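**Q** Before I ask anything, let me first share the structure, which is written out below as structure tokens.
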Amino acid sequence: MFLNALEHMTRRKLLLIVGILSLCYLLLFWRGIASADPQSLRTESGVPASNADMAFAALSIAGSMLSVMVWGLTIILGASILPDEMDAGRMSIWAALPQSRFKIYASTTLAPLLVSVIVGYILFGFTALITSFYAPFTPNSIPLAVISMPIWLSATWAFVILFSMIVGKIPAMLITFILEGFAVGMGNMVELAKGVPELHESTFYTVARIVTFILPFERGYRSVQMGLLPKASLLEEALAFLGFGGDIPMWEVIYPLVWASILFFIGYRIFLRKDL
Amino acid sequence: MTNKAISVEGISKRFGKTKALTENFNIEVSRGQSLAILGANGAGKTTLMRAILGLTIPDSGTIRLNGLSPIDPNSRAGVRFLPERISFPKWATPLQMYRQFERVRHEGREIDFIHTAEGLACGDLLNRKLGKMSKGQRQRVAVALMTCGTPKTVFLDEPSSGLDPAGRMLVRSTVAELVNQGSTVVLNSHLLGEVEKVCDWAAFIHKGALVAHDRLQDLSRFKGSVLIETPHPDQMNSFLGGSGRVKGSSLVYPLAEEIGFSALTEQIAASGVEFTGIQLHKESLEDIFMRIIEGETDVS
């Protein structure tokens, strides 16, 4: 069943579009970083930027674009997998075969997550690889980036799968996009507060923390970035304003996975009672 | 193993304020039986079929499919279901779809599917993308996918939907073959002629309630007349007393009771008027349907 869902996923035109766009992006990124002049880059104190600084700048800026692409793919694939199968009448055929509803639910919904994670690995992995070719650097922690990728995307995936069963495909996509944008904004605020201690006292910071706790869509993304970014860079402080400052405690890395698991099982309970 | 393929006891189902199946809905289907579920649009036929398969969760009552609750995946071993409305992925070919199903059901051979497809006149379409087929071609493929091999129980919801007369005939013979090989067949169709030729049992559903469930032959009532096929209907009518009604090259002659049939046949044989056939005028399935569902009593 998982193979069937995966086959169905990979045959979608959307994936071809994403593939072409990814290739275009990687070629443009390659051209861009190849023509960049590290000497023209200066830190706030006027010191010329190192390779690590250049890699930091390149990865953090590229990461924002990539995250939108991978997020978008996860939302579109996740929101459509169950409603499409049900609307087409195929779900009733699958459910009339000798397999449990859990197997159908898990196999069908895990396929878009796997596709999104693979696309994420390809995009972030090649971006880091191309960067390291022109600006050699040592990443903070590759294992952290690798582990965080599925954790990051699982939060979005579980949320959109659950909502696609409650409100339907298109409303689920819109709700997820809007809430994610909100959660990312609040997440940036939390990161910013790490560099600006006065912010810790404000109510706005408290609200931002609560939002990122209730909707931990972007926590995993920051872990991916933290893992990929160079170990030492003078630009680190300045780039805190872009939302990559400070460390991420382990519980924050794991938390989105726990959150996604809870939503996944709520989704299963709904699927279990659903008329197919 | 129980002899009952399907057992439904006291189920009810509501969709919001609409009652799809009323309470105390009971029905049993033995192995190898071919049952037609009949009723007007919205009567609850599809809901019943889906409830038996575990696709719709009833509000109350008990269902057993192959002796097990439909929640148990083992209850659906050897079971096939063709829904009324199905849309296959456009990129897939019939063979790819067959392989997808076999990944889950593990019960057939590809050669059986090819043979069934050939029997349904779609053997040449097996490597063509489903998105490039007509509605009728896709329906034939769908029927082949769900009837190939030797399934234990087959649920078909309007299998002839969108088919031309030739296609309908092929589907009918495919279903008849399933019945002959001992599969239990549950058929939901509005084409009563098709049902009459394939099924030996019928269940009539009206507004969510089971109003009749019996063998087709037992449901069919004597219509109070005899049909005499003769090239000289007027002459035959005069001989029998003139109370008959000429209808083309046949004579519909009233008969008070079914038991008077043998005496009448002797009388006809003694008339000396040429005739080619005599039969009791019994209700067709359409007549039964109209009587039970529409409440009509005199349908000719």
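**Q** What single numbered condition from (1) surrounded by 13 or more Cβ atoms within 10 Å (Cβ to Cβ); (2) touching a helix residue (DSSP H, G or I) at 6+ places or on another chain (Cβ under 7 Å) fails to hold for B:T265?
**A** Here B:T265 meets the rest and fails (2).
**Q** Looking at (1) over 23 Å from A:W259 (Cα atoms); (2) touching a Pro at 6+ places or on another chain (Cβ under 9 Å); (3) not hydroxyl-bearing (S, T, Y), which is the one condition that is false for A:I151?
**A** Here A:I151 meets the rest and fails (1).
**Q** Of all residues in region B:268-300 being at pLDDT 85 or above and assigned to a strand (DSSP E or B), which is surrounded by the most Cβ atoms within 10 Å (Cβ to Cβ)?
**A** For region B:268-300, the residue satisfying everything is B:I278.
**Q** With the requirement that a residue be part of a helix (DSSP H, G or I) and surrounded by fewer than 21 Cβ atoms within 10 Å (Cβ to Cβ), what does region B:114-136 give you?
**A** Selection gives B:I114, B:H115, B:E118, B:G119, B:G123, B:D124, B:L130, B:G131, B:K132, B:K135, B:G136.
**Q** Follow-up. Has region A:93-101 got any residue that is among the β-branched types (V, I, T), under 16 Å from A:F271 (Cα atoms) and away from chain B (no Cβ under 13 Å)?
**A** no
**Q** Can you find, within region B:86-113, the residue that is surrounded by the most Cβ atoms within 10 Å (Cβ to Cβ) among those that are assigned to a loop (DSSP other than H, G, I, E, B), facing chain A (nearest Cβ under 10 Å) and free of Cβ contacts under 8 Å to residues at least 40 places away in the same chain?
**A** The residue in question is B:A92.
**Q** State which residue is modelled with the highest pLDDT when the search covers only region B:13-43 and only residues that are touching a Gly at 6+ places or on another chain (Cβ under 6 Å) and over 14 Å from B:A203 (Cα atoms).
**A** Filtering region B:13-43 for residues that are touching a Gly at 6+ places or on another chain (Cβ under 6 Å) and over 14 Å from B:A203 (Cα atoms), the one modelled with the highest pLDDT comes out as B:G32.
Rundown of residues vs (1) crowded, with 19+ Cβ neighbours inside 10 Å; (2) closer than 30 Å to B:H106 by Cβ, yes/no style:
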residue: A:A58; (1), (2): yes, no
residue: A:G63; (1), (2): yes, no
residue: A:M91; (1), (2): yes, yes
residue: A:P98; (1), (2): no, yes
residue: A:I118; (1), (2): no, yes
residue: A:I122; (1), (2): no, no
residue: A:S141; (1), (2): no, no
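**Q** Between A:M86, A:M54, A:M65, A:M9, which is within 14 Å of another protein chain (Cβ to nearest Cβ) and either over 19 Å from the mean Cα position of the chain (by Cα) or at pLDDT 85 or above (or both)?
**A** Sole residue among the options that is within 14 Å of another protein chain (Cβ to nearest Cβ) and either over 19 Å from the mean Cα position of the chain (by Cα) or at pLDDT 85 or above (or both): A:M86.
**Q** If a residue must be without any contact (Cβ under 8 Å) to a residue 24 or more places away in the chain and in contact with a Lys or Arg (Cβ under 9 Å, 6 or more places away or on another chain), how many such residues does region B:183-226 contain?
**A** 1
**Q** Please work out which residue is nearest to the other protein chains (Cβ to nearest Cβ), limiting yourself to region B:68-85 and to residues that are more than 26 Å from B:K135 (Cα to Cα) and of a type in the set (A, V, I, L, M, F, W, C).
**A** Here the answer is B:A77.
**Q** On to the next question. Looking only at residues in region B:207-264 that are in a helix (DSSP H, G or I) and of a type in the set (G, A, S), which one is farthest from the chain's Cα centre (by Cα)?
**A** B:S238
**Q** What single numbered condition from (1) within 14 Å of another protein chain (Cβ to nearest Cβ); (2) part of a loop (DSSP other than H, G, I, E, B) fails to hold for A:G46?
**A** Of everything listed in (1) within 14 Å of another protein chain (Cβ to nearest Cβ); (2) part of a loop (DSSP other than H, G, I, E, B), A:G46 misses just condition (1).
The values are calculated or read from the model by the stated rules, or taken from the named source; none is laboratory data. None of these values were measured; they are calculated from a predicted model. Note that we place each Cβ from the backbone using ideal geometry, even for glycine, and neighbour counts take in every protein chain shown.
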